[in-house]
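S.K.: Starting off with a structure, shown below.
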Amino acid sequence: MHNLSLRQQNVIELIQHQEYCTIEELSAHFNVTTQTIRRDINELCALGLARRHHGGVSLPTTLTNRSFASRSATNLSEKQIIAKQVVELIPDGCTLFLGIGTTIAAIAEKLGNQKELRVVTNNFQAAHILSQYDHIETWIPGGRLRTNDGDVVGDSIGHFFGQFSADIGIVSCASVSLASSVSLSADISPLELKQEEYAMEHQLREASVSQAIIAGSQQKWLVANSTKWQRKAGARVAPLSYFDRIFGSASGVS
């Protein structure tokens, strides 16, 4: 057991709930100076219980995601706002690809008022929500269910999505991060390094499913709550410039 002060324990509870907190926010919340909060954060980071950012602190970087139930409870109001914005733009009668994640499940919860839809998804929670509606035709793949994540991923899932063509494909991501891409000049040399923001996932198999979804969709939409810009993940999905719409960016919908 780590010998944490009561305030440090409360800091951990806050970032578990919100995923990211600013120094100023924590200072005001606990009515202490920013220097005191920084000392707390330094100790938590040294213990591997938090990850420091410029001006704030988040959950530590991991190679795996937290449980679906845990993630569902964080940033709930923001996810509901994003879901409402998304659903308002989905036309009746379209074919929709839905990817993995809790924000996607929140979108599924708001689709009941659509008159007619075909939904193709590997998100078990989303499929379970949509199964109550006769007017929504829902397709799900076979395979092993990841109980921690509430979805099905694997080598066959890309082929499953490839059997359909979607009007709109909606994916979420674990993080949005700057990454370098290599491009060739007109004469094939020299190589140029370009940095741009990418939607990222924790695992390659998660990223490959999202890539299959957006590859088979006429409109490519990304949902990412504000904390995704504060986190890190290692597997690239696509650059943000590839998406037709982004929901949850600093400016709302772009």
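The values are calculated or read from the model by the stated rules, or taken from the named source; none is laboratory data. Please read these numbers as outputs of a predicted model, since none were measured by experiment. We place every Cβ from the backbone using ideal geometry, glycine too, and count neighbours over all the protein chains shown. Areas reflect the complete protein model, heavy atoms only, side chains present, ligands, DNA and RNA absent. Shrake-Rupley method; radii C 1.70, N 1.55, O 1.52, S 1.80 Å.
S.K.: Run the 1.4 Å probe and let me know the accessible area of residue 242, rounded to the nearest 10 Å².
M.R.: Its accessible surface works out to 110 Å², give or take rounding.
S.K.: Here's a follow-up. Express the carbon and sulfur contribution to the solvent-accessible surface of the stretch 69-247 as a percent, rounded to the nearest whole number, probe 1.4 angstrom.
M.R.: 50
S.K.: For residue 140, what accessible area in Å² do you get when you roll a 1.4 Å probe over the heavy atoms of the protein chains, rounding to the nearest 10?
M.R.: Residue 140 exposes around 90 Å² with every protein chain in place.
S.K.: Could you work out the per residue convex hull volume over the alpha carbons of the stretch 6-64, in cubic angstrom?
M.R.: 75
S.K.: In the neighborhood of residue 51, defined by Cβ-to-Cβ distances under 9 Å, what is the net charge if each Lys or Arg adds +1 and each Asp or Glu adds -1?
M.R.: +3
S.K.: Calculate the length of the line joining the C-alpha centroid of the stretch 101-140 to that of the stretch 22-47, in whole Å.
M.R.: 41
S.K.: Heavy-atom accessible area per residue, the stretch 6-64, 1.4 Å probe: how many Å²?
M.R.: 56
S.K.: Still on this model: Please label the shape of the stretch 69-247 as rounded, prolate or oblate, based on the square roots a ≥ b ≥ c of the eigenvalues of the alpha-carbon gyration tensor (a/c under 1.5 means rounded; beyond that, a/b larger than b/c means prolate, else oblate).
M.R.: prolate
S.K.: A further question follows. Would you tell me the accessible area of residue 30, worked out with a 1.4 angstrom probe on the heavy atoms of the protein chains, in Å² to the nearest 10?
M.R.: The value for residue 30 is about 40 Å².
S.K.: Then there is this: Give me the lysines in straight-line cross-link reach of residue 110: C-alpha distance below 24 Å, same-chain residues under 8 apart excluded.
M.R.: Within the straight-line cut-off, residue 110 pairs with 79, 84, 220, 228.
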